[in-house]
C-alpha cells in the first residue's frame, strides 16, 4: 500500500522531469522551425554573395559573412596562444600560492562578466586609446579578451588530463620543462584544447553585443581589405535586419541566422570529432 | 653544449634463453663506486623520509633496494636522478656523488645528470606517440637530429630491450597498442636510447604478469655489466634472482647493505632477517 | 629549495636563459587575465569619474527618472535596474524550477541512453547566439503570447524574459546536475538503507546535500540574466520605466548601452558617458553575484573533499 503510493509519486516526478525536458526541446524545435521556415527561401548563392541593400530582396550577407570569418580567424590567432599559454602557466609552472590563486579566481570571475562590458573595455582601450578605430583588429582584440577565460579553463582541463607519468618520463630522459611541455604535454592535450577552443570561437562568432558597443558597422558594401579596415559581422547584420520595421527584412534576418547556425554547427561537429579522438588516445 | 650520443654499438647481444649469469662478477668494475652517498637526509616538508643514508653503489652491478612499504627505498632511488625535485617542499642534507660529480652541487646540470642516469617507472609510461617516437625522443632532445642516426639508435635500443623483433614491422604504431610487458620494455629501450651509465628501476615488474616479469628479469641480467642498475623491488625472490648487492631499508634508515647472497642467507641484523623470513612488511 | 629549471647559480648558461625566458612568457600569458580585470575597472572608473563630477551619486542611485538622451536630462538609474530585474525575474522563474527538475530527472530518473541524447541537445540550446534568441522572442514568442494576452504590447518584459529563461536553462541544469552528482554515494545508500523511498531520498538527503552547488548555479544564472544584452535589446523595448508589469516595454541596463552605442550621441558628452556609469553599475552587480556564486561553490566543495 505504502510502496504503491510511493511509486505513484515517483512516476509523477518522472513525468514532471520528462515534461520539463520537453519544454526545453519544444522551445528549441520551435526556434529552429520558425527560423528555417522564415529564412530558407532567402538562402541562396545570391544571398551569400550580395551586399546590403535598401531593398530586402537584393540584400545579402557577403560582407557580414566574410567579416565574421576574418574576425574569428584573427581572434583565434590572438586568443589561442595567450589562453593556452596561461593554462600552461597555471598547470605546469605556477606553484600553489596566493598569486596563482588570485589568477585562478580572477579567470573564474572574468568568465562571468557580461559580454557588453568587454565591448566597453574594447571601445576605450582599442578604439580610443590605441586609435585602432572601428577596425577588424579592435574587434578581434576585444573578442580575444572575451573568450580568453573560456579558452584558459578548457585548456587547463585538457592539460590536467595528461597523466603525470608522461611528465615524469620526459624529465627522467633529461628533458627541460619547456621541452617536456612542448613535446609531450601540449601534443597530448592538443585535441582537448582544440575542442574547448572551437567552442570558444563559436561563442566569438555568435557574439553581438560587444561589437555593437565597439561600433561595428552594419551597412558595409565591401569586404574588409586589411587589419585596420572597418567590418561587418553576421550577428550584427541579423540584428540590424531584425530591428527594421519591414517584415521582408525579418526574413533576411532569418536567412542570415541560418547561415550563422550552419557555421556554428560545422564548428561543433569538428569539436565533437576531435573530442572522440582525444578520448581514444588515452583509452588503452 | 649538448653531447652527441655515443652509443654502445659494439655490445654483443646475449640470448634471452641463456641469460642466467649473475654469479659471474665483472672483475674490473667491482672496486669503483659509481654512486657514493654520504649522510643523506631527505625531507618532504616537515616529514623526514631518509635518515643518514651512506652507501656506495658499485659500477656494473645490479643493486636491489628492498624493504617494507614506505621505508624510503623509492625516495632514495629518486634522489639519484633528482626526480624528487619535482615535488614541492622537498629538501635534502648530505651528498650524492655520481661518477665523480656531486649531483646536488650548484654546478650540476640536471639535463646531463638525467641523461647519465636513466629511469624506468613502476607503471609503464610510454608517451602517447609511436613506438619509434618514444625511443627517439631522448636522443632528439639531446641533439641528435640525423634521421638515419636516430633510426640506428632506435633499433639498437629496442634490440637491447629485447623488443625489436616484436615491433620492428610496426614502429609507427602507437606505443599504447603494446601489451603491458612490451610497454615496460619499450620504456627500458627509451631509457637506454640516451646511453645512460646508470639505470634506476622503480619496481619495474610490479604491474606485470609472471611471464612479462620473467622477460624483464632476463633483460636486467643481460644489461648487467654494461650499466649500473639500481632496482627497487617488493619481491624478495626477484631481488634474489637479479641482484648482486642488496640494501635493506626500514623506516627511512639503511639497515643492512651487502652481497645479495649474504643478505639472504646470513643477515647480520635481526630486522633484516625478520623481513626476509616474511615476519613483517 | 631549488626549482628544477634553475639548475645552477654559478653563471647562467644559454639553455637556462632560454628556460627562464619561456617561463616569463608563460607568466605573462597568465597575467593577461589580471590586466583585463584591471583594464575593465580602470576604464569604468575613469570615465565614470567624469560622469559623477556632473551627476551626484545619490541622484544616479536613487533617482526614478532616466532620460539622459532628452533635452531635460535625468540620471536616475532605478528604471533601468527595474527593467533589468523584471526581465531577469521572468527568466529565473523559467530557468530555476525547470533547470532543477531537469537536473534531478537526468541524474536520478533518466536512463543512460536518454541522458546521452538529452545532455548534448541541451548544450545546443546553450550554444545558440543570443541574437537568434532575440529574433525568436520578438518575432515568434511575442506574437504567440499576444494571441493569449491581447493586451500585451509589441515590446514587453515577458517575452524576452521567457526566452532568456530558456537560454540559461541548460546552464542551471548542468551545474545543478554536477552538484547532485557530487553528493557522495554513501549518503544515498545510507538513506535507502533506512528504508527511504526514492523521492524521500532525493528531497530529504540529496538536494539538501547538494544545496550549495545548486545555490551557486542559481546565482550564476541570475548574473547571466542581468548581463544578457541582445534578447532584451531586441524584444523588451527602449522605454526606461519603473514598472512591475511584464506586459509593458522596459529598458534594461544592457539595452541602454546598446541604444547609446547605436545612436549618434557624440563622444565625450555627458550623455555618452552614461554608458560607463551604467556599465560600471552592471559590472559591480554581476561581479558581486559571480563572487558570491564562486564563494558558495568553494565552501561547498570543501565539505566533501576536505
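The values are calculated or read from the model by the stated rules, or taken from the named source; none is laboratory data. None of the values given here were measured: they were computed from a predicted structure. We place every Cβ from the backbone using ideal geometry, glycine too, and count neighbours over all the protein chains shown.
Observations on the model:
- Residue A:167 being in a helix (DSSP H, G or I) and closer than 30 Å to residue C:132 by Cβ: no
- The residues on offer are A:234, A:214, and the sole one that is under 19 Å from the mean Cα position of the chain (by Cα), closer than 14 Å to residue A:69 by Cβ and assigned by TED's automatic domain parsing to the domain that holds residue A:53 is A:234.
- Criterion: surrounded by fewer than 20 Cβ atoms within 10 Å (Cβ to Cβ), modelled with pLDDT under 90 and either touching a helix residue (DSSP H, G or I) at 6+ places or on another chain (Cβ under 9 Å) or away from chain A (no Cβ under 14 Å) (or both) - qualifying residue of B:214, B:207: B:207
- Exclusive hit being more than 10 Å from chain C (Cβ to nearest Cβ) and assigned to a helix (DSSP H, G or I), set A:153, A:205, A:181: A:153
- Between C:239, C:189, the distinction of being surrounded by fewer than 17 Cβ atoms within 10 Å (Cβ to Cβ) and assigned to a helix (DSSP H, G or I) belongs to C:189 only.
- Failed criterion for residue B:228 (all others in (1) buried (at least 21 other Cβ atoms within 10 Å of the Cβ); (2) out of contact with any strand residue (DSSP E or B) (no Cβ under 9 Å at 6 or more places or on another chain) hold): (2)
- Residue within segment A:169-184 that is surrounded by 21 or more Cβ atoms within 10 Å (Cβ to Cβ) and within 21 Å of the chain's Cα centre (by Cα) present: no
- Only one of A:223, A:227, A:261 that is in contact with a strand residue (DSSP E or B) (Cβ under 9 Å, 6 or more places away or on another chain), more than 22 Å from residue C:154 (Cα to Cα) and surrounded by fewer than 24 Cβ atoms within 10 Å (Cβ to Cβ): A:227
- Within segment A:86-109, restricting attention to residues that are within 28 Å of residue A:227 (Cβ to Cβ) and within 19 Å of the chain's Cα centre (by Cα), the residue that is farthest from the other protein chains (Cβ to nearest Cβ) is A:87.
- Sole residue being facing chain A (nearest Cβ under 9 Å) and either at pLDDT 95 or above or not in a helix (DSSP H, G or I) (or both), chosen from C:244, C:289: C:289
- Residue within segment C:13-29 that is surrounded by 15 or more Cβ atoms within 10 Å (Cβ to Cβ), more than 8 Å from chain A (Cβ to nearest Cβ), more than 24 Å from residue C:241 (Cβ to Cβ) and at pLDDT below 95 present: yes
- Odd one out for residue C:104 among (1) within 20 Å of the chain's Cα centre (by Cα); (2) in contact (Cβ under 8 Å) with a residue 24 or more places away in the chain: (1)
- Only one of the numbered conditions (1) buried (at least 16 other Cβ atoms within 10 Å of the Cβ); (2) more than 8 Å from chain A (Cβ to nearest Cβ); (3) over 22 Å from residue C:249 (Cβ atoms); (4) under 21 Å from the mean Cα position of the chain (by Cα) is violated by residue C:161, and that is (3).
- Helices (runs of 4 or more DSSP H) contained in segment B:52-145 and holding at least 3 residues at pLDDT 95 or above and either more than 25 Å from residue B:247 (Cβ to Cβ) or facing another protein chain (nearest Cβ under 7 Å) (or both): B:131-141
- Sole exception among (1) away from chain A (no Cβ under 13 Å); (2) outside any helix (DSSP H, G or I) for residue C:179, by number: (2)
- Count of segment B:229-252 residues which are in contact (Cβ under 8 Å) with a residue 60 or more places away in the chain and more than 15 Å from residue B:210 (Cβ to Cβ): 16
- Residue match in segment A:140-154 (condition: in contact (Cβ under 8 Å) with a residue 12 or more places away in the chain and out of contact with any helix residue (DSSP H, G or I) (no Cβ under 6 Å at 6 or more places or on another chain)): yes
- Of all residues assigned to segment A:64-75, at least one qualifies as being modelled with pLDDT of 90 or more, within 30 Å of residue A:193 (Cβ to Cβ), surrounded by fewer than 16 Cβ atoms within 10 Å (Cβ to Cβ) and away from every other protein chain (no Cβ under 14 Å).
- The residue that is farthest from residue A:87 (Cα to Cα), among those in segment C:40-65 that are within 14 Å of chain A (Cβ to nearest Cβ) and buried (at least 17 other Cβ atoms within 10 Å of the Cβ), is C:51.
- Residues of segment C:192-228 that turn out to be part of a loop (DSSP other than H, G, I, E, B) and facing another protein chain (nearest Cβ under 9 Å), as a count: 2
- Residue A:159 vs. criteria within 11 Å of chain C (Cβ to nearest Cβ) and within 19 Å of residue C:27 (Cα to Cα): no
- Comparison of A:83, A:60, A:17, A:112 shows that the only residue that is under 17 Å from the mean Cα position of the chain (by Cα) and either outside any helix (DSSP H, G or I) or not assigned by TED's automatic domain parsing to the domain that holds residue A:135 (or both) is A:112.
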